[in-house]
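The next block holds one structure in the form of structure tokens; read it before the comments.
The values are calculated or read from the model by the stated rules, or taken from the named source; none is laboratory data. Every value quoted in this text rests on a predicted model; they were computed, and no experiment measured them. A quick note on method: Cβ atoms are made from the backbone with ideal geometry, for glycine too, and the neighbour counts reach across all protein chains shown. In case anyone asks, the SASA skips ligands and DNA or RNA and just uses the protein heavy atoms, side chains included. Shrake-Rupley method; radii C 1.70, N 1.55, O 1.52, S 1.80 Å.
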Amino acid sequence: MNVGIISSREHIKFAQIMLLSLVENCSEFIDLYLFHTDLKETEYNVLAVDKAKIKVHAIKVDALLFDGIKVKGHFGLYSYFRLLAPYILPKELERILWLDTDLIICKDLAEYYYSDFHQACLIASPSYMSIGGGGLCRELIDKYHVGEGYTYFNAGVLIMNLPEMRKTNSLEAILKMVYDDRLLLEYIDQDVLNIFYWNRCKLTSQYLYNFAPKDACVDRNINAKSIENAYIIHYCGALKPSDGRYRELGFSQFWKYAKRIDYKAYLRVSAWHAFYVVGRKIKGLTKGKKREE
């Protein structure tokens, strides 16, 4: 199984945690393609969490390709590197499972990985924004003639049909869009992928392959019962379970693996999380009593 990720020193521990969950739930040997800018071999070798089941292939990316591009919020410039995958990965690769590092893999992905593309360039899951008709801004939809009623997909979990993507678009065209429309790309590389592949993406269940706990507030299908069926949990958003203030679903699933990477952090965050949850409950009860009065 070919798996692609992007990481930096800041996020290497998240990558370790995600890969530990992947390796322990995967029946396939994993060839990991790591995109980075300046990691040393001693730094990225920690990603070989089980050398009998995973091999790391480090690919250094020239960050100057996106020189002058600024991103806002919790997004990182490195996210744009995902757009380079079809053009800088080895030409003999035909498919790759591209994963964000803020994921936990709960079940074997082998069957999903070998899904039939049916001539699609990508396999992905709908984003929660599609529920309310959100996604690309009107200027981008009109400029690039994106079809009305398209489904905006999340780029955190992608199966890439690399030969088809190379045939469909050029790296030059993608980089031109990144620069020309940088002020309109609210969700940066995810917007770019949706523009180029809105009609060449095969959609799969977000509840199975891109379960986002934070979306429970807008989607009633996301709850403590449905998370049990998820193959992939995606902790998208700025707040992660590594923060004690995290209050969404999936806290225990994350720390099942994370505590094996950093047990001291587990003890610290778990204590703070328990205190935070109790505090919120007390606050909620207090508000309820005031309303009754």
Exercise. Could you identify the single residue in Asn199, Asn210 that is out of contact with any helix residue (DSSP H, G or I) (no Cβ under 9 Å at 6 or more places or on another chain) and surrounded by 17 or more Cβ atoms within 10 Å (Cβ to Cβ)?
Key: Asn210
Quiz prompt | Qualifying residues in region 208-226 (those that are under 18 Å from the mean Cα position of the chain (by Cα) and not in a helix (DSSP H, G or I)) - the one modelled with the lowest pLDDT | solution = Ile222
Quiz prompt | Unique match (being more than 19 Å from the chain's Cα centre (by Cα), closer than 16 Å to Asn2 by Cα, among the acidic types (Asp, Glu) and open to solvent by 40 Å² or more (accessible area, probe 1.4 Å)) among Asp62, Asp50, Asp108, Asp67 | solution = Asp50
Quiz prompt | Only one of Tyr87, Tyr33, Tyr78 that is within 17 Å of Lys240 (Cβ to Cβ), open to solvent by 10 Å² or more (accessible area, probe 1.4 Å), among the aromatic types (Phe, Trp, Tyr) and out of contact with any Cys (no Cβ under 6 Å at 6 or more places or on another chain) | solution = Tyr78
Practice problem: For region 208-233, enumerate the residues that are among the hydroxyl-bearing types (Ser, Thr, Tyr) and farther than 12 Å from Leu249 by Cβ. | Solution: Tyr209, Tyr231
Quiz item: Of the residues in region 227-240, how many are at pLDDT 95 or above and open to solvent by less than 20 Å² (accessible area, probe 1.4 Å)?
Solution: 6
Quiz item: Which one is most open to solvent (accessible area, probe 1.4 Å) among residues in region 140-189 that are under 18 Å from the mean Cα position of the chain (by Cα) and of a type in the set (D, E, K, R)?
Solution: Glu186
